[in-house]
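A.B. asks: Can you read through this structure? Questions will come right after.
Bear in mind that the values in this text are calculations on the coordinates, not laboratory data. As the structure is a prediction and not an experimental result, all values here were calculated from the model. Because the Cβ atoms are built from the backbone with ideal geometry, glycine has one as well, and the counts that use them run over all protein chains shown.
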Amino acid sequence: MGRGPKKMTETLIKEWQAEGRGRGEGAGYKPWLEAFDLSSLGRVSRPYSPKCKRSIHLLSDVESNTFYALEWSQLVTGIREEFPLDRELTLEIADALGIAHPYYPGTKVPTVMTVDFLVDFKGHDQNRLEAWDCKRTEDSEDPRKLEKLQITRTYFAGMDIPHRLVFHSELPMQKIRNIEWIRGGALKTGEDERYAGALREQSLIMSHDLARSTRNQPLREYCRDFEIRQGLNPGEGLRVAKLLMYERVLLCDLSNPDLVSAPLASFRCTFKADNLRAMGGR
């Protein structure tokens, strides 16, 4: 929250607003802060999200780990990172709470505060929005950071939007590491295949094979055999398996610390013949 380039001006804020930062949805959303705007305390990254259909700007390891968990959830339909709060409202809230509103370092310019993620969830009766901030556990001992979080929480409470605060020590890191590994199987934007649709074709072949397979090899060994049978390069079989896991065709235990060594019996293939059209078949 409240982070930005070392020297912000009202002119730059107006330029960012004119660019459409903080507006849009889905593939058309543009975050208020982008990875190249600042030096973060953690590692910045811009992973492509098939769900959001665009690259996501993540400014720390905690944000990245939280994003992977959110994107994996089938209840999440949209994610807007570095979402800006209305500055007039945050100034009013800070005044009402008796809290000093943040200013950009070395300026007299009030900060455009942001929430790490504004998340769209689908529900049984209706969709809902939630605001998520993710912090390191030691931030809970910083009075100033807690004051700024109080402004954010009051802001969203006034809109009847729940505000969730996640600390890095609460994240299920083994599951997140597996999610990060699995999503590496998805086709990247602009990635060249041996021929158009090659990865999709191999995923259909593997789906059929797994659905009727009686083998109980470790996943790594099965993928090597699959490569030999299909004439693929080393590593391509595991890439196909990861794609199937990403698409929930091949279900696995995300808490397993060594999925590549897990026996096929520990996975469940959900593929059926009528899934062919949904997966891109004819």
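A.B. asks: If one takes the longest principal axis of the Cα atoms in the chain, at what angle in degrees, from 0 to 90 and to the nearest 10, does the Cα axis of helix 219-230 lie?
C.D. replies: Once rounded, the angle reads 60 degrees.
A.B. asks: Distance between Cα centroids, the range 49-111 to the range 169-195: provide it in whole Å.
C.D. replies: If we compute the Cα centre of each part, the gap is 23 Å.
A.B. asks: Once you keep just the Cα pairs under 8 angstrom separated by 6 or more residues, what percentage relative contact order results for the chain?
C.D. replies: 14 percent
A.B. asks: Can you tell which of PHE117, TYR29, PRO263 lies farthest toward the positive end of the dipole of the chain, using +1 and -1 charges on the Cβ of basic and acidic side chains (Lys, Arg; Asp, Glu)?
C.D. replies: Value: PRO263.
A.B. asks: Which of TYR195, TYR48, TYR246, TYR222 comes first, and how do the rest follow, when ranked by fewest Cβ neighbours within 10 Å?
C.D. replies: Ascending Cβ contact count within 10 Å gives the list TYR195, TYR48, TYR246, TYR222.
A.B. asks: What is the distance in Å between the Cα centroid of the range 208-266 and that of the range 113-160?
C.D. replies: 38 Å
A.B. asks: For a footprinting-style exposure proxy, rank VAL249, VAL260, VAL240 by other Cβ within 10 Å, fewest first.
C.D. replies: Ordered by Cβ neighbours within 10 Å, fewest first: VAL260, VAL249, VAL240.
A.B. asks: Students often get this wrong: which residues of the range 236-268 have the backbone nitrogen under 14 Å from the point 7 angstrom along Cα-to-C-beta of GLU191?
C.D. replies: Within reach of a label on GLU191: 236-247.
A.B. asks: Shifting gears a bit: About the Cα centre of the chain, how large is the charge dipole given +1 on each Lys and Arg Cβ and -1 on each Asp and Glu Cβ? Please answer in debye to the nearest 20.
C.D. replies: Using only the charged Cβ atoms, the result is roughly 760 debye.
A.B. asks: Using only the Cα atoms of the range 176-275, what do you get for the radius of gyration and for Dmax, in Å?
C.D. replies: 12.8, 37
A.B. asks: Helix 10-19: angle to the longest alpha-carbon principal axis of the chain, degrees 0 to 90, nearest 10?
C.D. replies: Between helix and principal axis, roughly 30 degrees.
A.B. asks: If I model a spin label as a point 7 Å beyond the Cα along the Cα-Cβ vector, how far apart are those points for GLU141 and ARG248 in nm?
C.D. replies: For GLU141 paired with ARG248, the spin-label model returns 4.1 nm.
A.B. asks: Taking 41 Å as R0, compute the FRET efficiency from the Cβ-Cβ separation of GLU221 and TYR48 and round it to 0.05.
C.D. replies: Approximately 0.85, to the nearest 0.05.
A.B. asks: Can you tell me how much longer the chain between GLN126 and ARG212 gets when fully stretched, taken as 0.36 nm per residue apart minus their C-alpha distance, in nm with one decimal?
C.D. replies: Residue separation times 0.36 nm, minus the Cα-Cα distance, leaves 27.1 nm.
A.B. asks: Sticking with this structure for a sec: Under Stokes-Einstein, with the Kirkwood radius over Cα pairs standing in for Rh, what whole-number D in µm²/s applies to the chain at 37 °C and 0.692 mPa s?
C.D. replies: Roughly 155 µm²/s, to the nearest whole number.
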